Amino acid sequence: MMPTTIVPKLGRWIVLLSVIRLAEAVTRPTNTKPAEFGKRYTGYVDRNIEEVYAFNYTSQPGKVDALRVYVTANSDNLQFPVLFVVRQQKSVLSWQVPLVFRGIYQRTYTYQDVSRTLCPTDSEGQTLPLEQLIYIDIASLSPSSVRYELVVTRLLNFELQTNKPFNFSASPSQPQYFLYSFPEGVDSVIIKVKSADTYPCAVVSVQDIMCPVYDLDHNVEFNGVYQSMTKKAAITIRRKDFPSGRFYVVFVIKPEDYTCGGSVPVSTLGSGNRTWNLKRNKDIEVTVSPSINSSVYIQATLLCFVFFLIFYLGSLLVAFIHYIRIHRKGPGLKSSPDDGEGTVAASHPISTSTPDGTSYGAIDESSRGTAKLPHPPPIPRPRVYSDSSVDEESDFDPIAEMESDKNVIRAKSFLYVSDLAVKDRRIVSKKYKIYFWNIATIAVFYALPVVQLVITYQTVVNVTGNQDICFYNFLCAHPLGVLSAFNNVMSNMGHVLLGLLFLLIVLRRDLLHRSLVEAKDLYAMEYGIPKHFGLFYTMGIALITEGVLSACYHVCPNYSNFQFDTSFMYMIAGLCMLKLYQTRHPDINASAYAAYASFALVIFLAVLGVVFGKDHVWFWVIFSFIHVIGSLGLSTHIYYMGRFKIDFGIFRRIFQVLYTDCTQQCSRPMYMDRMVLLVLGNVVNWSFAIFGLVYRPRDFASYLLGIFICNLLLYLAFYIIMKIRSSERIQPLPLFCIVATAVVWAAALYFFFQNLSSWEQTPAQSREKNRDCILLNFFDDHDVWHFLSATAMFFSFLVLLTLDDDLDEVRREKIPVF
């Protein structure tokens with residue numbers, strides 16, 4: 001037997017021998033070669049041969065040394081690629097050749113020519129020249145020899161200069177990045193990138209000074225802020241986000257163009273799922289310029305406040321002049337009512353049956369002749385005063401006998417405001433106050449989740465750095481605090497300030513009217529257009545809410561929250577039409593519940609249109625059908641003053657009327673003016689329906705808003721024409737508001753159609769529309785649209801508020817309905 005002391009020694013020798021043989025098996029001959037920059041090196045590697053190149057250079061203090069490595073290999077075997085490993089003082093960078101990129105649907109793109117920029121040597125704080133060493137290892141497990149080429153160069157133009165354009169070229173396998181340092185006294189800069197070619201698609205990234213730099217398609221989104229690009233890109237960078245005062249600007253070319261709205265490269269079609277050495281070079285120009293400083297923010301903000309403060313001062317001036325004029329007249333010096341203003345010269349009122357013996361349908365001959373006779377006292381109408389909310393929606397008209405049949409009254413050839421202002425004033429006012437309370441409730445419940453959602457969007461953008469989430473005009477997007485585009489948010493301040501001013505104007509008028517009513521002033525109770533301010537208050541709240549929601553939308557405009565910016569625009573247009581109709585039809589206007597239900601249906605259709613309207617013909621067929629049928633039903637309801645109830649039997653009744661009036665006996669329409677308006681309205685709406693069905697516009701939200709605005713303008717024009725035709729006078733204040741509305745709306749629409757972005761396209765395609773600022777180097781075209789549209793809506797509201805001021809001293813029995 002062997003001694004026990006010999007066994008442990010033998011075991012140790014066996015282990016040592018095994019380690020030596022294992023080392024011999026895995027160790028390949030290594031040929032370390034000293035190398036020079038700019039020289040081309042070629043060689044062969046396989047599983048038995050590994051090449052190592054050593055580069056020695058001296059870095060100078062205060063200078064950034066960047067090196068770029070160019071390699072190629074003739075291997076097309078993805079199982080045995082050539083591996084390149086770069087070892088630096090503080091980092092290691094490696095890649096393989098062929099370099100493989102993945103696309104959608106498992107497509108593979110491979111490149112045999114690769115170039116990478118090595119992580120630069122940081123000489124900050126260095127006082128003396130420092131010697132640097134870089135090793136590049138080249139190896140492969142290929143059973144056969146693979147030829148390679150290697151070139152390492154020192155970059156002479158690695159640092160971008162302020163306000164100096166720099167041109168270069170990049171490809172998927174040859175990304176580029178450059179260094180930029182903030183100049184002294186500059187707090188923010190804007191990086192503007194341009195390219196003459198739409199494709200290939202690129203990604204521009206701004207990353208902090210650190211190694212490694214993420215400059216490949218699969219990792220460029222790991223750090224910093226980034227955005228996709230076709231022809232344009234722009235990123236605003238603040239010094240506070242980069243404490244070192246320096247950052248890298250990285251440019252990566254995508255292997256496919258789907259991100260930018262393109263498709264599969266043409267050379268890959270029909271050739272399977274693998275493509276070799278696809279030529280996808282992109283020529284790029286980059287310019288880094290100082291952005292605006294804090295003084296510009298202050299000037300722009302002050303300009304907004306000063307601009308809208310002028311409206312407050314103007315309103316105070318008008319109110320003061322009105323106060324002086326009233327007190328100059330003195331008590332009891334009002335002009336006598338019915339001085340001939342507001343009468344209809346060519347028409348003869350048809351009186352209704354009343355308890356004092358007048359006959360329904362008889363022509364009032366007292367209106368003939370030139371001599372002015374004293375106007376008879378108004379016909380007493382029994383009133384029912386009640387505070388019960390049940391009466392607010394009641395169809396019961398509290399008038400006696402024949403007048404209690406509203407169908408008889410509304411069937412007269414000539415209707416006057418007194419015929420449609422029969423219900424008690426307080427009951428009708430309560431009915432219209434429901435509009436105000438409903439919209440206030442809607443605004444609160446609608447706006448709060450919106451604010452929460454856009455804060456989340458902005459947080460995601462700030463945390464991830466993905467600037468493709470929000471569709472800004474990046475060439476004029478000025479960040480402040482957490483907001484990426486403060487100018488787009490602040491420009492909506494006009495809606496809030498002017499909406500508040502309009503509420504104050506309405507409140508003043510309401511208080512004056514209440515004081516007259518409480519004093520039992522005959523002018524306030526039986527003369528002029530009935531004063532109901534509920535819808536005016538509603539319009540003011542809608543304008544303020546539109547400003548808030550538009551500001552929320554512009555925190556991060558995108559496909560998911562477009563309805564924030566448009567929902568209350570539909571409601572404002574609808575409320576204006578309702579108010580215009582309610583002016584001379586106070587008793588038969590739509591209830592708040594029906595109106596808001598209609599608005600909800602419109603918003604629902606708007607969402608469906610954006611989701612399905614692009615590629616689905618069936619949606620346009622259904623929408624056009626609903627549009628046409630809705631126009632016909634509403635026209636019938638308006639023409640017959642509510643005597644045609646809107647239900648499933650309305651079309652049968654329409655057919656019966658058409659058959660009776662047009663087929664059996666062709667008679668002239670009883671209400672010619674209303675017929676002309678409704679025919680024009682249906683022509684316009686049917687034209688919109690046909691246009692939508694044929695062309696299917698991509699921006700369905702704007703298309704739907706255009707329908708509302710055109711109908712509103714048509715109705716307003718008809719109202720003004722009929723007012724002039726009825727010998728009513730337009731006073732200077734509403735005339736000024738009408739002219740101002742037309743001018744400001746024309747200017748506003750010009751800026752509205754200057755499309756600066758589009759969430760209906762890809763983020764890269766949207767950026768192709770970006771433009772520089774046009775006002776104070778702070779506001780763009782869309783901001784000017786915000787200013788002008790808020791002003792135009794304010795003037796539009798004033799038109800509705802003051803248009804019938806000339807009728808305040810005219811009896812309601814002489815104010816025609818149209």
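Take the alpha-carbon positions of region 177-279, form their convex hull, and give its projected area averaged over all directions (one quarter of the hull surface) in nm². Could the numbers behind the result be given before it?
On the way: hull surface 29.8 nm².
Mean projected area of the Cα convex hull: 7.5 nm².
Beyond a 18 Å Cα-Cα separation, which of these cross-linked pairs lie in this structure: K430/K579; K282/K769; K431/K579; K194/K279; K164/K240; K232/K254? Could the numbers behind the result be given before it?
Details: K430/K579 15 Å; K282/K769 20 Å; K431/K579 13 Å; K194/K279 20 Å; K164/K240 23 Å; K232/K254 15 Å.
From K430/K579; K282/K769; K431/K579; K194/K279; K164/K240; K232/K254, over 18 Å: K282/K769; K194/K279; K164/K240.
Order of 695-701, 318-324 by packing, highest average Cβ count within 10 Å first? Can you show the working numbers first?
Details: 695-701: 17.4, 318-324: 11.7.
By packing density, highest mean first, the sequence is 695-701, 318-324.
Obtain the radius of gyration and the Kirkwood radius of region 578-625 from its C-alpha atoms and give Rg over Rh. Show your work: numbers first, answer last.
On the way: Rg = 15.1 Å, Rh = 12.7 Å.
Radius of gyration over Kirkwood radius for region 578-625 works out to 1.19.
Size of the dipole of region 179-258 about the Cα centre, Lys and Arg at +1 and Asp and Glu at -1 on the beta carbon, nothing else charged, in debye to 20? Don't skip to the answer; put the middle values down first.
Details: 9 positive and 10 negative charges, 70 e Å.
Dipole size: approximately 340 debye.
Dipole of region 131-226 (Lys/Arg Cβ +1, Asp/Glu Cβ -1, origin at the Cα centre): which of V189, P200, V220 lies farthest to the positive side?
Farthest towards the positive end: P200.
When N counts the residues of region 63-199, how does its alpha-carbon radius of gyration compare numerically with 2.2 N^0.38 Å, as a ratio?
Values: Rg = 18.3 Å, N = 137, 2.2 N^0.38 = 14.3 Å.
Ratio of Cα Rg to 2.2 N^0.38 Å: 1.28.
Over all pairs of distinct alpha carbons, what does the Kirkwood formula give as the hydrodynamic radius of region 413-533, in Å? Intermediate results must be reported in sequence, preceding the final value.
Details: mean 1/r = 0.0525 Å⁻¹.
About 19.1 Å, per the Kirkwood formula over Cα pairs.
Tell me, what % of the accessible area of region 524-609 is carbon and sulfur with a 1.4 angstrom probe? All intermediate terms of the calculation are to be shown ahead of the outcome.
Values: 1500 of 2000 Å².
Looking at region 524-609 in its full context, I get 75 percent from C and S.
How big is the C-alpha Rg of region 67-127 next to the rule-of-thumb value 2.2 N^0.38 Å, as a ratio?
Values: Rg = 15.2 Å, N = 61, 2.2 N^0.38 = 10.5 Å.
Cα Rg divided by the expected 2.2 N^0.38 Å: 1.45.
If packing is taken as the average number of other Cβ atoms within 10 Å across a peptide's residues, how do 188-195, 512-519 rank, most packed first?
Values: 188-195: 19.6, 512-519: 12.5.
Order by mean packing, descending: 188-195, 512-519.
Going by average Cβ neighbours within 10 Å, how do the peptides 556-565, 590-599 rank, with the highest at the top? Please list the in-between numbers first.
Working: 556-565: 19.3, 590-599: 16.9.
Output ranking for 556-565, 590-599: 556-565, 590-599.
Charges on Cβ only, +1 for Lys and Arg, -1 for Asp and Glu, centred on the Cα centroid of region 702-818; of G706, L776, A717, which one is farthest towards the dipole's positive end?
A717
The values are calculated or read from the model by the stated rules, or taken from the named source; none is laboratory data. All figures in this text were calculated on a predicted structure; none of them were measured in a lab. For neighbour counting, all protein chains shown are included, and Cβ atoms are generated from backbone atoms with ideal geometry for every residue, glycine included. We work out accessible area using only protein heavy atoms, side chains counted, and drop any ligands, DNA or RNA first. Shrake-Rupley method; radii C 1.70, N 1.55, O 1.52, S 1.80 Å.
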